[in-house]
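K.L.:
Here it is: the structure, laid out below.
Read-outs: derived from the displayed coordinates by stated rules, not from any lab. Please read these numbers as outputs of a predicted model, since none were measured by experiment. Positions of Cβ are backbone-derived with ideal geometry, glycine not excepted, and every protein chain shown enters the neighbour counts.
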Amino acid sequence: MARARLGLPYWSLSRFLKLKVKRAVSYVGDFEAALARETRSRGLDGVVCGHIHHAEIREIEGVLYCNDGDWVESLTALVEHHDGRLEIIDRSAEARQVAVAPARTESALLPMPGTVSPVHCVDIAPRA
C-alpha cells in the first residue's frame, strides 16, 4: 500500500526471498556436482569440504561427499574414528537443553558424556 502511494509498482518480499533461496540452493547443488566430477576426474574416492553450513555425508555421482557444517551456527563437526569411519556429530540438541536449563550450574554447562547424536556415519575403507 505504501509503494502504491509513492507511485511504485507492486513488489512482494516473499516472492523476492523465495527466488533468492531457490537460486542459492541451485548454486550449491551445482557446486557439489562440479566438486564430485572434479574429485572423480582426479581418481579420488571422496572429498571433504566445509563453508556451506549444512553438515552431511552422502554420495554424489559415485563420490563420497562430506561437509563438516560449522561449529558456530549449527554446532556440527566431522570426525574420523581410529578405524577410519567418518561421522558427523551434532551438539545442537545439547545446546538447546543447556539454554533452557533452570539453573546455570557448572555441570549444566558441560556436555554430558555419551550424548553425541550422530547424523550419519560411514565406513570409508580403501578400495581393493
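K.L.:
For region 7-89, run through the GluC sites (Glu not before Pro) and keep only the ones in DSSP coil with at most 14 other Cβ atoms within 10 Å of their Cβ. Working shown, then result.
P.N.:
Working: sites: Glu32, Glu38, Glu56, Glu59, Glu61, Glu73, Glu80, Glu87; in loops: Glu61, Glu73.
Of the GluC sites (Glu not before Pro), the ones in loops of region 7-89 whose Cβ has at most 14 other Cβ atoms within 10 Å are Glu61, Glu73.
K.L.:
Follow-up. Out of residues 5 or more away from Ala77 or on other chains, whose amide H comes under 5 Å of its own, with H placed 1.01 Å from N in the peptide plane?
P.N.:
Ile89
K.L.:
Are there chymotrypsin sites (Phe, Trp or Tyr not before Pro) in region 1-37 that DSSP marks as loop and that have at most 11 other Cβ atoms within 10 Å, and which are they?
P.N.:
Listed in order of number, the matching sites are Tyr10, Trp11.
K.L.:
For Cys49 and Ala2 in one chain, what is 0.36 nm times their gap in residues minus the Cα-Cα distance, to one decimal in nm?
P.N.:
12.4 nm
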